[in-house]
Amino acid sequence: MRVIAGTHRGARIAAPKGLATRPTGDRVREAAFNLIGPVDEAAVLDLFAGSGAMGLEALSRGASTAVFVESDREAQRAIERNLEKLELTGARIVKSDARRALAAEAAAGSRYDLVLVDPPYRMFDSLQPILATYVPALLAEDGLVVVETDKRTEPELPLAQRTSRTYGSARLTLFE
């Protein structure tokens, strides 16, 4: 995998070994950022970060901060290696499951301009109520949420849906 655009365009990024994570492919990542638009100075929350590809892409494209939430140790190490290799600043890794991290971020009053949600596809239905509870509270005014699911799943959040598009087996749904 590579960073698609920005200051680190073309740089290779590592993905965790094994089948525990499913990194967002280059094509879907490029499509997502085409839909998102500029992320200059954005505060980004990358839930279910995996390799960190989406958050790394945002940082490369000018986001000021990124919080990577990941519970898998191998994936956490991959994010750490990628951040070190790319010498990116403004990043923090939350080594926790998404439920606890969302509750803690909401309790702290955190706000994000861009929230990236890419859980394991099979878990999305059970996570949707938690996401619906916490994500709107974490979204900054004029913020954007990008949810990646399998193409058959149409996510619902108590936010206005901007668009929903499919790319191969993936669906990207944007909320504002």
Item checked: Beta bridges by DSSP in the chain, antiparallel share as percent, to the nearest 5 -> 40 percent
Margin query: Can you tell me which lysines have their Cα less than 21 Å from the Cα of residue 95? Leave out same-chain residues fewer than eight positions away.
Written below: 17, 85
Next item on the list: Can you pull the one-decimal nm distance between simple spin-label points at residue 95 and residue 130, each 7 Å off the Cα toward Cβ?
Entry: 1.9 nm
Note to self: Need one word for region 74-113: rounded, prolate or oblate. Basis is the Cα gyration tensor (sqrt eigenvalues a ≥ b ≥ c); a/c below 1.5 gives rounded, then a/b vs b/c decides.
What the structure shows: oblate
Checklist line | Top positive-direction residue, dipole computed over the chain with Cβ charges, set 49, 131, 66 | finding: 49
Check: Under a GNM of the chain (C-alpha, springs under 10 Å), which listed residue has the highest mean-square fluctuation: 74, 154, 141?
Finding: 141
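Quick one: if the Förster radius is 25 Å, what FRET efficiency do residue 2 and residue 122 give, using the C-beta to C-beta distance and rounding to 0.05?
0.35
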Notebook entry, point to check: Counting pairs of alpha carbon atoms under 8 Å apart in space and at least six apart in sequence, what relative contact order in percent does the chain give?
Noted result: 18 percent
Margin query: Give me the dipole magnitude in Debye, nearest 20, for the chain about the Cα centre, with unit charges on the beta carbon: positive for Lys and Arg, negative for Asp and Glu.
Written below: 620 debye
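A short reminder: the numbers here are calculations on the coordinates, not readings from a lab. Note that the structure is a prediction, hence the values are computed from the model and not measured. Please note: Cβ atoms are built from the backbone with ideal geometry, for glycine as well, and neighbour counts cover all protein chains shown.
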